[in-house]
Each structure stands twice: as structure tokens, then as C-alpha cells.
Amino acid sequence: MKLELRGITKRFGALVANDHIDLTVEPGEIHCLLGENGAGKSTLMNVLYGLYQADEGEILLDDEVQHFAGPGDAMKSGIGMVHQHFMLVPVFTVAENVMLGHEQTRGPGVLDLAAARARVREISDRFGFDVDPDAIVEELPVGVQQRVEIIKALSRDAQVLVFDEPTAVLTPQETDELMAIMRQLKEAGTAIVFITHKLREVREVADRITVIRLGKVVGEASPQATNTELASMMVGRAVELTISKAPADPGADAFVVSELSVVDPRDQYVVKDVSFTVRAGEILAIAGVQGNGQTELTEAILGLQPRTSGSITLDGVELVGKSVRRVLDAGVGFVPEDRQEDGLVAEFTIAENLMLDRSVGEPFVKVGTLQLRELADFAQEKLEEFDIRAQGIDTHAGRLSGGNQQKVVLARELSRELRLFVASQPTRGLDVGSIEFVHTRIVQARDAGIPVIVVSTELDEVVALADRIAVMYRGGIVGIVPGDTPRDVLGLMMAGETTGAAA
Amino acid sequence: MTTTAPAPAASAPIVHEKALVRSWKTPIILGVFALVALLMAFVFPNSGETTFTLSTTVDAIQLAPLVVPTQITVIVVAVLLVLAALGAVAFVRFGPGRAPLWISVVFAVLFLFAFLTWVAADKNIPVPGMLVGTLALSVPLIFGALGGVISERGGVVNIAIEGQLLFGAFSAAIIGSITGQPVIALIAAMVGAMLVSFVLAAFSIKYLVDQVIVGVVLNVLVVGLTSFFYSKVLTSDPSLNSPVKFPIWPIPGLSEIPILGPVLFRQTVIVYIMYIAVFLVWFGLFKTRWGLRLRAVGEHPQAADTVGINVNRTRFWNVALAGAVVGIGGAYYTLDVVGQFGKEMTNGAGFIALAAVIFGRWDPIRATLAGLLFGFATNLQSVLGIIGSPVPSDFMLMLPYVVTIFAVAGLVGVSRAPAADGTPYIKS
């Protein structure tokens, strides 16, 4: 089926998320929608899927104008979507998830689970997916969950499939498999829209590329274009794709983790027997697919995980069992992975956010009273130093863009006297400009002789920053390898393969 | 990299390694109760004989009463209880780290037996009467819990069960008195409780008011309304508060089974509806399209929305349905067990039903069992009051609530509510 979008415009208040966007996707074609975070790609697809109503423009399928009041209508017309955040009910089985919304029933509304299972098996076999229809979705690896999403779309006979940032949660191997699946679907005549900001993937599968910036189509690119060309189209200026950093000059072992284990509320090990050291003036990147214990590891370092055993020492001082306050006082700077949830208080001003971890004692508090003047001076200084684009220090943190929010977090954490810096997913969801800035700052911290831990699920970021790389898989460390280890070796390690990864 | 490597990540479910956690909660609780049993056996012994009556005079098959010597029995059972507690210790210390549930259940039954034997020295415990009383007190709890399960599975916290029960009872009393038709009164009870549900649904789903607050306010509102009409209208015109009760329909055959037959099958139609309702809610939730969609809406509303399910409409009508189910429980007061409306007659049953929902982990069958347990505890207190127990009656009044707190806090542990329970769905 041929999909055509004509002049789609979607406004949120004063913000124009999509500005007269035109897009045509032919059957048997993979059409890439390339753009930075916040460029309006997801908004456009939500309009297509009936989740949003467009303010202007029309959607055509095989040259017929469509009116979608909701996702139900879009699905009936043959549009399927693989969402970035999977739209699967975690406690349901695969079959239940696939049948939800168009259930086959026997008698008065009794579910025909056998038919649903057969349907899952049939599609699963056709594409070699190897998915068990009776598995509970939340117990499946993320890559398999994504296949369930694909099965869900295919079971509704989708002719147009939209993949919204599908590779964000996958290992490199799973990404390759997904590319193969996309090619297979294309052979079968499906029209595919592939939304991404990752240049490597675009060049690998795309037949056509449309680049979007700030809600507008800035042009088409050929799949043969170089990374630099694509990146500059996407960002609107020439960009450095690799940051320049001098070789590390590591000092003594400063931060030592040994046999660290963390148990979650369901009595399961989420981190198991993890040991590593970080030397002063070096960046240890912790790579791995989301959900393999990285979050819990960083929280354990900060003292946020109550059921932690083992030992964490910073310059010889034991941190396990200490309160978060004491850990911060020991000189640990921490950038949490979810800046909106854990990094900032959205309703506080930039200035207030900058003193969040210094609410005890001077310089900002004297005899229980806030020293507003000191705070204002400090905030103004940091605003300039970290190039935070805001109207002023009294702007609410929640009103800033993602990049500027992250700069506020960085400014707060880096302006204390640090002896360890932990940055968790420091550039998730940021635009290219902010990524450059954050990376530079992290390297600066390293060069100042601080041991640095960067947790990232983005292999590009890991490779760009790391002096050494520790790969986590299911709560353990698979191996610690030098920073120049090839990507495919890292990819195998991220899937739990230890062979060939001897460090 | 155009060729696909063979999948290194298995597509099999991830099995996380379980940490060995030794939970001393159960052994400690059992130990304390074993100590109480020892006190009953040796420090405050009661001598004489205890009689457990097993049949009523109207039963077709008469069973001889069970007579046991009080002191010996208490001593023997107390020793067994100590052994069971030690068994639990062994499970925790040397075994899987957690005492299995069956030990707690066996312990509870034995302890109860010892306690009743001790309390009723030289007296008579009417077992059938106790069971009948248990069921009578459980019926509203079970209907309340079923309504709670339906509503919360769909993602709307139903604190208003108490109000729904009370308004159901009130509507049944009035309409039953006017029409003289218990069936119409029953329908009125369902409609009345559904009206309460509509308010809850409208405010929490449409206007996004905090569900707990709406629920609490509704309870207060219903108490106020019904009390007002009770004192202003019903007391001055008693003909409006004399509904025709449902007759008792013994089921032939089944009602002749010793002990349980009269308890379960010599009842009114409301109790039979309850048996069917428990099954229907269970079957509906887990085997039908209705249940699948309801659970999806309560677990991951956005996922339900993206497959074309209207989340808020589904929630609205299921909250209404939950109200109708609770309403039957309300009708049980005025059309069966009591026979007329009384001021605040539900007396907190709705809140105990809410506890049963949580204790039953949002599962209709388990919530029913929890309702029976709470009903039993409430009834035990009144039975002991009648036969005269050495325990002060003020303490006995606490019994159902103590059991509830112990059950919910102590035994449930971490239970998982439907993921979106209590959160309104806002479409962006």
C-alpha cells in the first residue's frame, strides 16, 4: 500500500511540532525519517497513527484520503506501528498481547486462545522469529519483546509499518537481526517507515531518506551520502562526530568495587558479584543493553539501594552502608539516568536546582536560612559557564529543553569538589550540540584527575569516551576491555558472550 | 554487515537468579502464638470437658457431638503447635529460607481448635451456627471484594465500596417496602450502588480527581444521606422500611450434607447468586474478551489505546458494573440477614472488603477466601461473646480488625497491584 502525507501540520500551543510535512512511502520500500531528538518525527508518526489529530494536511493511502479518529481506525486501514516504548502489557502472555483489541472469540465473548497461539506461531515461523506464544512478555529479552510488537502489527495485516526508534534498546546483534527482518518485510511488499537518528543504520537499510529539522522537511538525502553530510543536514551545521581527547594519563586505583551484589524487592539478584576498579584520571564506560543492572549499580554506588552487599571504596573509604549524604560528602558527583525524574525538580528554578545537594550548611544555608544572594551569584556564574540557554536563573527547570536541563544537572554535580564522577546515560535524548558539550565536560573532568564512570547503552558514546570498557549482562560484568575494542566484539559481549573477549 | 549472525541472545524468558533470603517473619509469629497456646495449657489451665455440637435439630443426618477433655486436648495441641513453629524455624534456617504457607494454615487451624477448646471448658461450641454466622457476615464482604476486584483491575481504586454497600442496602429497603417484590428491590440495590459508582467514575475518570479522595468523600456522603433519610423519613413511616425478605430455598439433596449442607445450601437466592458471581468474575477476568480488555486497561492503558480500545469508556462502565455487584451485597443486609435498613448498618464492611481485595491480590477467588476469613473472625468474636469467654469483650471486638491487619500486613508481603491502578489516563 502506498502511503502519502500531504502538508501535515501539528501545533502544541505556540510550538509547531510539524510544519507542512510531505512524505511518500511506496510499497516495498524502506523510507528513513532522519532527525534529531525533538525534530518532530514521533509527532508526525503519532498523527499518522491517529494518536494525534493534525491541525492541517491529509493522510492518503493508495491515493484515498483517510480520517483517523484513533489508532483503531489507523490499524483497520493497514497501518501498524512498532513503538519506541513497547505498547505491550507486561503481565500478559505473547498471545494475549497479540490478540488484544481484535480478539477471536468462541461463544459469548470467550477468548479463543488456541487460535491466537496458532496465529503467533504462524507469523513467528514465517519470519523465523522463534517466539513462544505462552511466554509472559515482561520475562522476555527486549529484542524478543520487539518481535512481539512486530507480530502484533503483522497479525492485523499491516501494509504500512512504522518503526519508531526501534534500535534504541537493542544490542548490535539484535539490531542487525532487526535490519534483516525489515528487509524481509520489504521483500514481502510492506511499506516501511524507519524513524531514527542513528546514521549508521540509515545508510544500511534505507532506500530513501527524508531529513527533518525543527518540524520541517529540510530535504531528501541519498543512502550513499556520508555520515558527515547526513549529520550536517540533520543538525543544520557542520558537526564533529568524534570528540578529540588526549590519551588518558591514569593514576592510582582510586575507586574500587569488589564483589558487589544488589537484591531487588522481588528477592532477585539485579547485580551479582561485580568487581572493578577505576583509576584517577580515566574514564571507565559501562556498556550494556538497558536493564542489565547498570541502573542498580550506579544507585548502589550512591547509597540508594538498600539491599547491597560487598564493598565499594573511594580513596580507601568504604561507601557501602553509608547514607547518600555521606556518599556525596565523600566527593561523589552523580548524573542520574532520568534527569526529569531524579536529576531535577521541574517546579524549582534553575538556581534552586543548582543547590539541591547543598541544602546543608554553607555557603547557601546559614542558620537555617537560604542565602539567596550567594545563590543568585553562584547560579549566574554557572549559567554562563555551562552555557545554559534560559531567560534567567529564575526560570523553572521544567521549561528548559532536554539539553539545557542536563547542563543544569552537570553544573550542579561538577561544581563541587569531586573525587569520583558517575554519569548515567548522560546524553540520552539530547541534540547533537548538547552531546558535544556534555562529552567535552566529561573528558575535562577526567583530565582534572578524577576517576569517571560513564554508563551508556549507546555504543557510539561508549566508544567515543571510554579509556576502558566494562560490559554488563544480566547483573554481572562479562569482561573489562580496552577502549579501542572493536564494536562487534563489544556487541557479542553485550549479548553475554564471554569467548574471544579476554581482556 | 549485511549477513545476520545467529541470534546469540536466546529468545527464551529471562530467569533471574533468586537471592536466598531468610524471612523470619513466619517463625516469629508462629512462635508467639505457640507461646500463647502454652500459656493456655499450663499457666491458665481450664479443666472440664468441651463439647462441639456438629448438627442442629432440624438436620436430616444427625452427628453426635464431639466431646473432648479440655486440659489434655489443649496440652496436646499446644505441643503440636510448638513443633509446627520449630518446623517453620527449620524451613527458614536450613531449608529454602521461607516457611511454606501450609505450615501457617495448619498452625492456624490447630491454634483455633486449642483456643476454642480452652475458652469453652464445660460449655458448648455450636459448630454449624458458627459456620452459618461466618457465611452471613462474609456475603457482603465477598460481593464488596468482587466489586473491588473488577474496578481495580480496570485501574480505578474503589474506596467507595462502603458507600455502595450502604446505598444498595438503603435502596433495597425502600423499593422493597414500596413494591413488596424482593427481586425488584434487588435490582434497585444494584442501581443504587451503581449511582454511587457513576459519581466515582465521573469524577475520577472524566474530571481526574484523585480516586481515593472521591471514594472517601462518597462514603461520607452516603452515610450522611442515608442517615438523614433514615431519621427523617424511615423512622416516622416504618412502612417504608419493611421490605419483603427473600425466602430461604434449600437445595434438595445438597442441603442434607452433614455440617456444610445447611450452611451452604439452605440459603436465600442472594447467596446462590454469590456462588455464581465468584465463578463468573473469575472466568470473565481470565477467559473472556471483557476480562482481557479490562486487565489491559488497568495494566497499561496506553497499550490498550494503541490497539483501539477506548480506555476511559471501558473504565467507566466497569466501575459501574463493580457498583452493581457491590449493590447485591448491600441488598443482602435488607433483603436477607437483617430485614430492614439501619443507620450505618454496614459498619465498615466495605473497608474490610477493600482489605480482602488486597489480601486476595486482586484475584476474585483469593479475595473470596479472604472475605470468608474476615467474616469468620468477625463472627468468632460474637460467638465468644455469647458463650462467655474469659478474654475481655473489648479485646474480642478488636479481633476482626487485628486479623485484617495481620493478614494484609504480615502475610501478603509485597503484592503487585494492577500497574495503572489509581492513575487516570490522560490522552496527550
Of all residues in the stretch A:247-267 being part of a strand (DSSP E or B) and open to solvent by 40 Å² or more (accessible area, probe 1.4 Å), the one that is farthest from the other protein chains (Cβ to nearest Cβ): A:Asp253
All helices (runs of 4 or more DSSP H) inside the stretch B:64-165 with 3 or more residues being open to solvent by 10 Å² or more (accessible area, probe 1.4 Å) and closer than 30 Å to B:Trp24 by Cβ: B:70-94, B:101-119
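For every residue, the table says whether it meets (1) more than 14 Å from chain A (Cβ to nearest Cβ); (2) open to solvent by 20 Å² or more (accessible area, probe 1.4 Å); (3) on the phi > 0 side of the Ramachandran plot.
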| residue | (1), (2), (3) |
| --- | --- |
| B:Ala296 | no, no, no |
| B:Ile309 | no, no, no |
| B:Gly330 | yes, no, no |
| B:Val338 | yes, yes, no |
| B:Met345 | yes, yes, no |
| B:Arg366 | yes, yes, no |
| B:Gly371 | yes, no, no |
| B:Ile386 | yes, yes, no |
Total residues in the stretch A:441-459, condition in contact with a strand residue (DSSP E or B) (Cβ under 7 Å, 6 or more places away or on another chain) and not hydrophobic (A, V, I, L, M, F, W, C): 3
Complete set of residues in the stretch A:349-378 that are β-branched (Val, Ile, Thr) and over 18 Å from A:Leu418 (Cα atoms): A:Thr349, A:Ile350, A:Val365, A:Val367, A:Thr369
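Go through the stretch A:119-136 and give me each residue that's among the hydrophobic types (A, V, I, L, M, F, W, C) and either at the interface with chain B (Cβ under 7 Å from one of its Cβ atoms) or touching a strand residue (DSSP E or B) at 6+ places or on another chain (Cβ under 7 Å) (or both).
Across the stretch A:119-136, the qualifying residues are A:Val131, A:Ala135, A:Ile136.
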Single unsatisfied condition, A:Gln224 versus (1) part of a loop (DSSP other than H, G, I, E, B); (2) at pLDDT 90 or above: (2)
Qualifying residues in the stretch A:464-488 (those that are open to solvent by 40 Å² or more (accessible area, probe 1.4 Å) and without any contact (Cβ under 8 Å) to a residue 40 or more places away in the chain) - the one nearest to the other protein chains (Cβ to nearest Cβ): A:Pro486
Matching residues in the stretch B:381-403 - criterion: being among the hydroxyl-bearing types (Ser, Thr, Tyr) and modelled with pLDDT under 75: B:Ser389, B:Ser393
Single residue of A:Leu44, A:Leu60, A:Leu23, A:Leu34 found to be closer than 28 Å to A:Leu100 by Cβ and open to solvent by less than 40 Å² (accessible area, probe 1.4 Å): A:Leu44
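Can you pull out every residue in the stretch A:101-141 that is part of a helix (DSSP H, G or I), in contact (Cβ under 8 Å) with a residue 40 or more places away in the chain and open to solvent by 40 Å² or more (accessible area, probe 1.4 Å)? Quick ask: steps written out before the conclusion?
Taking the stretch A:101-141 as the starting set, the residues that turn out to be part of a helix (DSSP H, G or I) are A:113-126, A:137-139.
Filter once more, so that each one left must be in contact (Cβ under 8 Å) with a residue 40 or more places away in the chain: A:137-138.
Hit for the stretch A:101-141 is A:Glu138, nothing else.
This table checks each residue for (1) surrounded by 15 or more Cβ atoms within 10 Å (Cβ to Cβ); (2) away from chain B (no Cβ under 14 Å); (3) hydroxyl-bearing (Ser, Thr, Tyr).
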residue: A:Tyr269; (1), (2), (3): yes, no, yes
residue: A:Asp273; (1), (2), (3): no, no, no
residue: A:Leu284; (1), (2), (3): yes, yes, no
residue: A:Gln290; (1), (2), (3): no, no, no
residue: A:Gln294; (1), (2), (3): yes, yes, no
residue: A:Val335; (1), (2), (3): yes, yes, no
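Could you list, in sequence order, the residues of the stretch B:17-38 that are among the aliphatic types (A, V, I, L, M) and either within 14 Å of chain A (Cβ to nearest Cβ) or surrounded by 13 or more Cβ atoms within 10 Å (Cβ to Cβ) (or both)?
First, pick out the residues of the stretch B:17-38 that are among the aliphatic types (A, V, I, L, M): B:19-21, B:28-30, B:32, B:34-38.
Within the stretch B:17-38, B:Ala19, B:Leu20, B:Val21, B:Ile28, B:Ile29, B:Leu30, B:Ala34, B:Leu35, B:Val36, B:Ala37, B:Leu38 meet the criteria.
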Evaluation of A:Leu51 against (1) in a helix (DSSP H, G or I); (2) within 32 Å of the chain's Cα centre (by Cα); (3) without any contact (Cβ under 8 Å) to a residue 60 or more places away in the chain (one fails), failing number: (1)
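The values are calculated or read from the model by the stated rules, or taken from the named source; none is laboratory data. All figures in this text were calculated on a predicted structure; none of them were measured in a lab. Heads up, the Cβs are rebuilt from the backbone with ideal geometry, glycines too, and the neighbour counts pull from every protein chain shown. The accessibility values were calculated without ligands, DNA or RNA, using every heavy atom of the protein model including side chains. Shrake-Rupley method; radii C 1.70, N 1.55, O 1.52, S 1.80 Å.
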